[in-house]
Amino acid sequence: MDPEISGIELLDIAQQALSTEIIQRLEGDPRNVALMIGRAMRMVAREFAQLQRRFAAQAALLEFVDDTDHSNKMQALCWNIRNGRHDAHSQLHAALWADAAIRTSISKPSLLARTERRLAGLSENASSSDRG
Amino acid sequence: MKNELSRLSEWLAGAIGQGSIKILAFHPSPHGSNEQNWSVVAEVDGSSSSFLIRKDGLAAVFAGHALADEFALLQLAHASGVKVPRPVAFCDDPEVIGTAFALFESVEGTSFGPYVVCDLSLGGDRSALAQRLGHELAKIHRMPASSLSFIGAPTSVPAATEVARMRAILDLLNIRRPALEWGLRWAEINATTPERMTLVHSDFRTGNYVLDSQGLAAVLEWNLAGWGDPLSDLGSFCAECWRFGREDLEAGGIGTRCAFYHGYEIESGTKIADSAVRYWEVVAHLRRAVLALQVGQHNFDRRPQLASALDSRSIVEIELAIVRATAPVTWRSVHGS
């Protein structure tokens, strides 16, 4: 078996070593900094794992810019939104949601899980009301 | 050459009318949301007294009031019966501690948002606390703001003004984030003329008030106060981004929306328009995101650091809340609601 591990696995092992061998021996400010380093490492690992989905979500957003003359499509999208070209546009809203959800799943997955549970609850309540 | 502490003790003796004062401690205070607040412990006539010092500094960066004006606001709030640290004196001589500063009586307790939300030994009964905060906010909205010349004149549609202000900041920072633009456009479309204009605190939220074991000890961070729609303060308080993980407790992560509204309605004698408060909750998210971008750029310009880098990644969490709250069905001019 090839012992060479992937970058994600290496980050995971390093993060575990930080957690089990370093952080518990520290106190005060050094401990807080070490905790932040651990958080940053977990975030990078999640970003690696979701890189393709993240790029796909961003590409889906940029598809709403139809003018190929724009050198900066993100800027063009922002101007178009500001100028009212996409008011209440449901597909753009869905794309914005997908992009924010993927990036939140990288920065704070627990928040995304809580948000999705609440949305599911709201949707269930609405369905019950509809049936009622 | 005198050192900072001896200059401060000399100034303090003059400010509080005592002949001999010895500074026992002078260090950053845990109260408030930035590095402007410092704690001072002094021996005055043989007994220990505690003060809070607020240093000048960040107003120019984040468009808040000058410190002298903020001090005047606190004096007015104190005279109006609002729970604030008692203003003692203002020092405009930068020679004393390197910058102008305002001196207040110290307030015991905690303001750090995550502790306020999680530590139930703070603040007494939480339902009563939510009601009390509503009550206190109504007192703020009754303050005679016209007596403060630096507050300026009210604008007819404060939400539109706020949207324009935030767009100008994004443009100045050259930041392009479609979720924020979407939220700002929604806020522009849905802006309404408020039923009344009052003094508003503009940053009334968990993290900016101090709790002791009994209840509310003080409302802090007045440097953004100005004319506005009073419901904007209720929106800030209820905004999900200021609940510190307790999304289920809609009043600042500490109580129910109902208890908070009830306290406000009793004290103000007005009925709260819930839909307007929810509009301002979205604006509060936009404000927080834009402020986070400003703070992030300010910090990175001075010295890149890990905490700032991590904070920069949390802006998307605010964007998620903005996008969730601004679904197409909620756009007024399109749907006529």
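General observations
Rundown of residues vs (1) assigned to a loop (DSSP other than H, G, I, E, B); (2) more than 25 Å from B:Val323 (Cβ to Cβ); (3) among the hydrophobic types (A, V, I, L, M, F, W, C); (4) more than 14 Å from chain A (Cβ to nearest Cβ), yes/no style:
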| site | (1), (2), (3), (4) |
| --- | --- |
| B:Val117 | no, no, yes, yes |
| B:Leu120 | yes, yes, yes, yes |
| B:His135 | no, yes, no, yes |
| B:Ser156 | yes, yes, no, yes |
| B:Glu188 | no, no, no, no |
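- Pair list, Cβ under 9 Å, 6 or more apart: the stretch B:324-337 residue closer than 17 Å to A:Leu122 by Cα and more than 7 Å from chain A (Cβ to nearest Cβ), other residue part of a loop (DSSP other than H, G, I, E, B) and at pLDDT below 55: B:Val329/B:Ser337; B:Thr330/B:Ser337
- Answer from B:Thr99, B:Thr161 - the residue that is under 30 Å from B:Ile23 (Cβ atoms) and not small (Gly, Ala, Ser): B:Thr99
- Of the criteria (1) assigned to a loop (DSSP other than H, G, I, E, B); (2) touching a residue at least 12 places away in the same chain (Cβ under 8 Å); (3) touching an Asp or Glu at 6+ places or on another chain (Cβ under 9 Å), which one B:Glu247 fails: (2)
Rundown of residues vs (1) touching a residue at least 12 places away in the same chain (Cβ under 8 Å); (2) crowded, with 18+ Cβ neighbours inside 10 Å; (3) at negative phi, yes/no style:
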| site | (1), (2), (3) |
| --- | --- |
| B:Trp280 | yes, yes, yes |
| B:Ala284 | yes, yes, yes |
| B:His298 | yes, no, yes |
| B:Leu306 | no, no, yes |
| B:Ile318 | yes, yes, yes |
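- Unique residue being under 15 Å from the mean Cα position of the chain (by Cα) and facing chain B (nearest Cβ under 10 Å) when the list is A:Leu96, A:Leu51: A:Leu96
- Condition met for B:Glu267 (buried (at least 24 other Cβ atoms within 10 Å of the Cβ) and either in contact (Cβ under 8 Å) with a residue 60 or more places away in the chain or outside the structural domain of B:His135 (by TED's automatic domain parsing) (or both)): no
Residues are listed down the side, and each one gets a yes or a no for (1) part of a helix (DSSP H, G or I); (2) more than 30 Å from B:Gly183 (Cα to Cα); (3) in the same structural domain as A:Glu116 (by TED's automatic domain parsing):
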site: A:Ile5; (1), (2), (3): no, yes, no
site: A:Ile23; (1), (2), (3): yes, yes, no
site: A:Ala34; (1), (2), (3): yes, yes, no
site: A:Gly38; (1), (2), (3): yes, yes, no
site: A:Met41; (1), (2), (3): yes, yes, no
site: A:Leu61; (1), (2), (3): yes, no, yes
site: A:Ile81; (1), (2), (3): yes, no, yes
site: A:Asp87; (1), (2), (3): no, no, yes
site: A:Gln91; (1), (2), (3): yes, no, yes
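- Among the candidates B:Ile266, B:Ile318, B:Ile272, residue that is within 14 Å of chain A (Cβ to nearest Cβ) and outside any strand (DSSP E or B): B:Ile318
- If you go through the stretch A:1-60 and keep only what is surrounded by fewer than 15 Cβ atoms within 10 Å (Cβ to Cβ) and hydroxyl-bearing (Ser, Thr, Tyr), you end up with A:Ser6, A:Thr20.
Residue-wise test of (1) in the same structural domain as A:Ser6 (by TED's automatic domain parsing); (2) within 30 Å of B:Arg243 (Cβ to Cβ); (3) over 21 Å from the mean Cα position of the chain (by Cα).
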| position | (1), (2), (3) |
| --- | --- |
| A:Gln16 | yes, no, yes |
| A:Ser19 | yes, yes, yes |
| A:Gln58 | no, yes, no |
| A:Met74 | no, no, no |
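- Top-ranked residue in the stretch B:171-180 [being assigned to a helix (DSSP H, G or I) and surrounded by fewer than 22 Cβ atoms within 10 Å (Cβ to Cβ); ranked as nearest to the other protein chains (Cβ to nearest Cβ)]: B:Asp171
- Of all the listed residues (B:Leu234, B:Leu291), the sole one being at pLDDT below 95, out of contact with any Asp or Glu (no Cβ under 6 Å at 6 or more places or on another chain) and assigned to a helix (DSSP H, G or I) is B:Leu291.
The values are calculated or read from the model by the stated rules, or taken from the named source; none is laboratory data. All values reported here derive from a predicted model rather than from experimental measurement. As a convention, Cβ positions derive from the backbone with ideal geometry for all residues, glycine included, and neighbour counts pool all protein chains shown.
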